[in-house]
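Peer 1: Structure provided below as structure tokens; questions to follow.
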């Protein structure tokens with residue numbers, strides 16, 4: 001399940017899209033459904049600075065406000081920069097939406113997913129930095145000089161309310177510049193940053209119509225004993241089934257984040273292979289052990305929280321193609337995750353969300369050649385017994401790691417020494433697929449169900465198959481990552497209900 005998904009029948013009919021702006025659905029003509037470009041925040045003098053506000057929109061949903069608009073920005077930084085975020089909680093003090101443990105309290109904070117930064121205040125501390133309505137948080141995040149260039153993202157992370165805020169769209173992309181040092185060809189390509197979010201339609205009066213517009217087949221897929229209609233539809237940068245223009249034969253660089261709270265994306269472009277440039281922010285050729293610039297693929301399963309950076313080629317003239325998510329079988333106890341169309345790929349002049357990259361950073365500094373990155377041979381470590389085993393399980397009362405529900409005052413479940421690599425095994429003792437995410441660090445996923453993977457890759461979020469295992473080598477060598485951090489299931493409803501644990505890095 002790390003990189004594959006079950007294919008369902010494909011539908012190619014055209015339907016007038018729906019646009020979701022300011023978190024309200026409204027109809028739109030198909031000819032105007034082009035993809036909007038999120039605003040950019042870029043570094044100046046090595047500092048990227050912005051103010052984000054958590055607000056309650058007129059429909060009663062939570063949202064992120066930036067510069068008077070309701071579209072979260074893409075943040076662009078370079079290794080060695082500092083990211084400063086003033087985060088204002090301007091949400092209503094009374095709230096009617098339900099969260100995992102009852103009525104939402106509208107508490108909120110930020111997580112800088114995938115960045116190798118400190119888990120201590122005022123950086124990526126999701127345990128102690130929390131703002132109630134009327135309060136403000138001040139983040140100062142030092143991007144390490146050795147941070148791999150690629151796609152990362154930010155999202156809210158208040159335990160107990162994470163799923164609801166993610167469904168309401170409180171997330172955005174972070175680009176660490178410099179990936180053209182590893183894949184020079186992308187420097188001349190138009191770039192698109194595509195943030196895929198899942199939108200809750202469980203109680204929407206027009207849910208059936210929205211499913212049709214998303215191209216969801218009527219026949220359920222997967223192995224669930226009692227199939228149910230899909231409760232989520234996926235949007236791209238806030239738009240349901242937009243059009244993405246690309247000229248026949250043109251090559252574009254797409255940076256894709258699955259920002260869904262609980263939806264898997266098995267990404268495919270009809271009739272067009274993808275050239276994968278990076279997984280979870282790590283360029284394919286980042287380590288000397290993997291000298292390739294690209295990894296071709298027909299499709300790729302991206303868990304909630306995962307990212308994929310790919311080069312795509314425009315289909316021939318007159319050929320209809322769609323960017324779609326294939327059916328994902330999430331297991332007998334899993335939620336529906338059917339095939340759906342994410343966007344229609346149409347012939348036209350590119351209007352990318354960002355200009356092509358150059359040999360300079362966003363604030364004009366010249367880039368240096370990429371360093372040669374080495375890691376030790378892990379063959380001996382892979383053959384040892386794991387130093388830590390995390391078992392994911394669930395019952396009618398909650399979701400557990402090693403039989404424990406997360407508690408704010410709990411002691412760390414595991415302690416590690418900074419400067420080491422560790423062999424961990426993640427065990428899924430349940431009948432549904434779980435994506436496991438470690439804050440701050442990346443790991444090499446090298447075996448599934450005890451079988452070595454043909455193409456092991458570095459990730460920060462990995463799918464663990466139902467009643468199965470994944471073995472990983474975790475990189476704890478970054479000296480700036482010290483303190484209390486967490487790991488959890490990135491199905492955020494599961495995290496909210498207890499499937500999270502502390503890890504102390506010392």
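Peer 1: Please work out which residue is surrounded by the most Cβ atoms within 10 Å (Cβ to Cβ), limiting yourself to the stretch 108-118 and to residues that are within 19 Å of the chain's Cα centre (by Cα) and more than 24 Å from residue 199 (Cα to Cα). Before the answer, list the steps.
Peer 2: Taking the stretch 108-118 as the starting set, the residues that turn out to be within 19 Å of the chain's Cα centre (by Cα) are 108-117.
Now drop any that are not more than 24 Å from residue 199 (Cα to Cα), which leaves 115-117.
Numbers: 115: 26, 116: 22, 117: 21.
My answer is 115.
Peer 1: Would you please name the residue that is surrounded by the most Cβ atoms within 10 Å (Cβ to Cβ), looking only at residues in the stretch 121-163 that are touching a residue at least 60 places away in the same chain (Cβ under 8 Å) and over 22 Å from the mean Cα position of the chain (by Cα)?
Peer 2: 131
Peer 1: Can you tell me which residues in the stretch 378-396 are touching a residue at least 40 places away in the same chain (Cβ under 8 Å) and not in a strand (DSSP E or B)? If you could, list the steps in order and put the result at the bottom.
Peer 2: Quick first cut of the stretch 378-396, residues touching a residue at least 40 places away in the same chain (Cβ under 8 Å) only: 378, 381-382, 386, 390, 392, 394.
Those that are touching a residue at least 40 places away in the same chain (Cβ under 8 Å) and not in a strand (DSSP E or B): 378, 381, 382, 386.
Peer 1: Just to be sure I understand, how many residues within the stretch 475-506 are farther than 26 Å from residue 166 by Cβ and assigned to a strand (DSSP E or B)? Don't jump to the end; show me each part of the working.
Peer 2: Filtering the stretch 475-506 down to residues farther than 26 Å from residue 166 by Cβ leaves 475-480, 482, 504, 506.
Among the residues that remain, those that are also assigned to a strand (DSSP E or B) are: 475-476, 504.
The number of residues fulfilling the criteria is 3.
Peer 1: Hey, another quick one. Given the conditions (1) farther than 23 Å from residue 160 by Cβ; (2) touching a strand residue (DSSP E or B) at 6+ places or on another chain (Cβ under 8 Å), report the number of the one that residue 383 does not fulfil.
Peer 2: Checking residue 383 against (1) farther than 23 Å from residue 160 by Cβ; (2) touching a strand residue (DSSP E or B) at 6+ places or on another chain (Cβ under 8 Å), the one that fails is (2).
Peer 1: Quick one: residue 392 ticks every box in (1) within 19 Å of residue 502 (Cβ to Cβ); (2) at pLDDT below 95 except a single one, so which number is it?
Peer 2: With (1) within 19 Å of residue 502 (Cβ to Cβ); (2) at pLDDT below 95 applied to residue 392, the lone miss is (2).
Peer 1: Among the residues of the stretch 312-320, is any without any contact (Cβ under 8 Å) to a residue 40 or more places away in the chain, surrounded by fewer than 22 Cβ atoms within 10 Å (Cβ to Cβ) and more than 19 Å from residue 190 (Cβ to Cβ)? Explain how you work it out, then say what you get.
Peer 2: Applying the first criterion (without any contact (Cβ under 8 Å) to a residue 40 or more places away in the chain) to the stretch 312-320 yields 318.
Those still in the list that are surrounded by fewer than 22 Cβ atoms within 10 Å (Cβ to Cβ) too: 318.
With more than 19 Å from residue 190 (Cβ to Cβ) added as a condition, the list becomes 318.
Taking every residue of the stretch 312-320 in turn, at least one turns out to be without any contact (Cβ under 8 Å) to a residue 40 or more places away in the chain, surrounded by fewer than 22 Cβ atoms within 10 Å (Cβ to Cβ) and more than 19 Å from residue 190 (Cβ to Cβ).
Peer 1: I'm trying to understand the selection: among the residues of the stretch 263-284, which are surrounded by fewer than 24 Cβ atoms within 10 Å (Cβ to Cβ) and assigned to a loop (DSSP other than H, G, I, E, B)?
Peer 2: 270, 271, 273, 284 - these are the residues of the stretch 263-284 that are surrounded by fewer than 24 Cβ atoms within 10 Å (Cβ to Cβ) and assigned to a loop (DSSP other than H, G, I, E, B).
Peer 1: Looking for something loosely packed, with under 15 Cβ neighbours inside 10 Å and at pLDDT below 90 - is there at least one such residue anywhere in the stretch 291-310? Quick ask: steps written out before the conclusion?
Peer 2: Initial filter on the stretch 291-310 (loosely packed, with under 15 Cβ neighbours inside 10 Å): 291-292, 296, 298.
Filter again for at pLDDT below 90, leaving 291-292.
Yes, that holds for at least one residue.
Peer 1: Looking at the structure I just gave you, is residue 169 closer than 19 Å to residue 302 by Cβ, assigned by TED's automatic domain parsing to the domain that holds residue 260, modelled with pLDDT of 95 or more and outside any strand (DSSP E or B)?
Peer 2: On the way: closer than 19 Å to residue 302 by Cβ: yes; assigned by TED's automatic domain parsing to the domain that holds residue 260: no; modelled with pLDDT of 95 or more: yes; outside any strand (DSSP E or B): yes.
It is false that residue 169 is closer than 19 Å to residue 302 by Cβ, assigned by TED's automatic domain parsing to the domain that holds residue 260, modelled with pLDDT of 95 or more and outside any strand (DSSP E or B).
The values are calculated or read from the model by the stated rules, or taken from the named source; none is laboratory data. Just so you know, these numbers come straight off a predicted model, no measurement behind them. Glycine also receives a Cβ, built like all others from the backbone with ideal geometry; neighbour counts cover every protein chain displayed.
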